[in-house]
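All remarks here apply to the structure that follows.
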Amino acid sequence: DAEILPTDITFSGIAYPKAKVILLLGGLEVAKTNAEPNALFSLKLSPLAPGVKVFSILAEDVEGVRSILITLTIAIKEKTSTNVANLFIPPTLSLDKLSYARGNNITAHGYSAPGSNLIFNLDSKDEGKTVANNSGFYKLSINTDSLSLGSHGISAISQIVKNIGTKESGFSRLHSFIVSFSPARL
């Protein structure tokens, strides 16, 4: 008997502890799994018709906040197992408010891989760092004293530093917020 070779694809990498990892094909949800407590995940889609496919993958943290999509166009060959490894899902990021009086602190929080460094980008400049705890949660306060009045944007990347080198995610979703006059200072 000839062995029947599968046509399938496996995605694996790092998300956040116990995150729901969702795979989309052509914009439709086709598979999901939960990441392990160490944030690793693996997701297999089988059977799969050969051809060029557009896959997207995202993670939803334990608070229900979703990461941005990682989108990949992949040529699927018949009777071939395709592996897409070493994905690093960008962190989730939430702000406590949408508007801040100047002098108050912005509190940003979210999820990433445990022990990863989070580097915050505020108006296209690095502005603060923190480290995710064992459950992947992180929190950072940034004072608004040095910010101009008006609209600003903040996002974050995750970095894992190991002896083999540094692995970096893409940016989280960009959040906009407003800095206004503090009533006490008028």
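If you check residue 10 against the conditions, is it assigned to a loop (DSSP other than H, G, I, E, B), in contact (Cβ under 8 Å) with a residue 24 or more places away in the chain and not hydrophobic (A, V, I, L, M, F, W, C)? Criteria not met by residue 10.
Do we have residue 24 as modelled with pLDDT under 95 and either touching a Ser or Thr at 6+ places or on another chain (Cβ under 6 Å) or of a type outside the set (Ser, Thr, Tyr) (or both) here? Considered against the rule, which asks whether it is modelled with pLDDT under 95 and either touching a Ser or Thr at 6+ places or on another chain (Cβ under 6 Å) or of a type outside the set (Ser, Thr, Tyr) (or both), residue 24 comes out as no. For the condition at pLDDT below 95 and β-branched (Val, Ile, Thr), residue 80 qualifies. Picking from residues in the stretch 55-80 that are more than 15 Å from the chain's Cα centre (by Cα) and open to solvent by 70 Å² or more (accessible area, probe 1.4 Å), the one that is farthest from residue 4 (Cα to Cα) is 73.
Condition check ((1) touching a residue at least 12 places away in the same chain (Cβ under 8 Å); (2) more than 14 Å from residue 172 (Cα to Cα); (3) acidic (Asp, Glu)) across all residues:
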{"site": "100", "(1), (2), (3)": "yes, yes, no"}
{"site": "103", "(1), (2), (3)": "yes, yes, no"}
{"site": "106", "(1), (2), (3)": "yes, yes, no"}
{"site": "113", "(1), (2), (3)": "yes, no, no"}
{"site": "119", "(1), (2), (3)": "yes, no, no"}
{"site": "125", "(1), (2), (3)": "no, yes, no"}
{"site": "132", "(1), (2), (3)": "yes, yes, no"}
{"site": "139", "(1), (2), (3)": "yes, yes, no"}
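Residues that are touching a strand residue (DSSP E or B) at 6+ places or on another chain (Cβ under 6 Å), assigned to a loop (DSSP other than H, G, I, E, B), more than 26 Å from residue 114 (Cβ to Cβ) and hydrophobic (A, V, I, L, M, F, W, C) within the stretch 13-57 comprise just one, 48. Quick check on residue 30: is it touching a residue at least 60 places away in the same chain (Cβ under 8 Å), farther than 29 Å from residue 152 by Cα and under 21 Å from the mean Cα position of the chain (by Cα)? Criteria not met by residue 30.
Okay, residues lined up against (1) aliphatic (A, V, I, L, M); (2) surrounded by fewer than 20 Cβ atoms within 10 Å (Cβ to Cβ):
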{"site": "113", "(1), (2)": "yes, no"}
{"site": "118", "(1), (2)": "yes, no"}
{"site": "121", "(1), (2)": "no, yes"}
{"site": "130", "(1), (2)": "no, yes"}
{"site": "137", "(1), (2)": "no, yes"}
{"site": "147", "(1), (2)": "yes, yes"}
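The single condition among (1) closer than 30 Å to residue 143 by Cα; (2) out of contact with any Pro (no Cβ under 8 Å at 6 or more places or on another chain); (3) among the polar types (S, T, N, Q) that residue 67 does not meet is (2).
Scanning the stretch 150-184 for residues that are in a loop (DSSP other than H, G, I, E, B) and open to solvent by 70 Å² or more (accessible area, probe 1.4 Å), we see that the one that is farthest from residue 88 (Cα to Cα) is 181. Number of residues in the stretch 61-99 that are out of contact with any Leu (no Cβ under 7 Å at 6 or more places or on another chain) and assigned to a strand (DSSP E or B) equals 15.
The values are calculated or read from the model by the stated rules, or taken from the named source; none is laboratory data. This one's a predicted model, so the numbers in the text were calculated from it and none came from an experiment. Please note: Cβ atoms are built from the backbone with ideal geometry, for glycine as well, and neighbour counts cover all protein chains shown. SASA here: full protein model, heavy atoms, side chains in, ligands and nucleic acids out. Shrake-Rupley method; radii C 1.70, N 1.55, O 1.52, S 1.80 Å.
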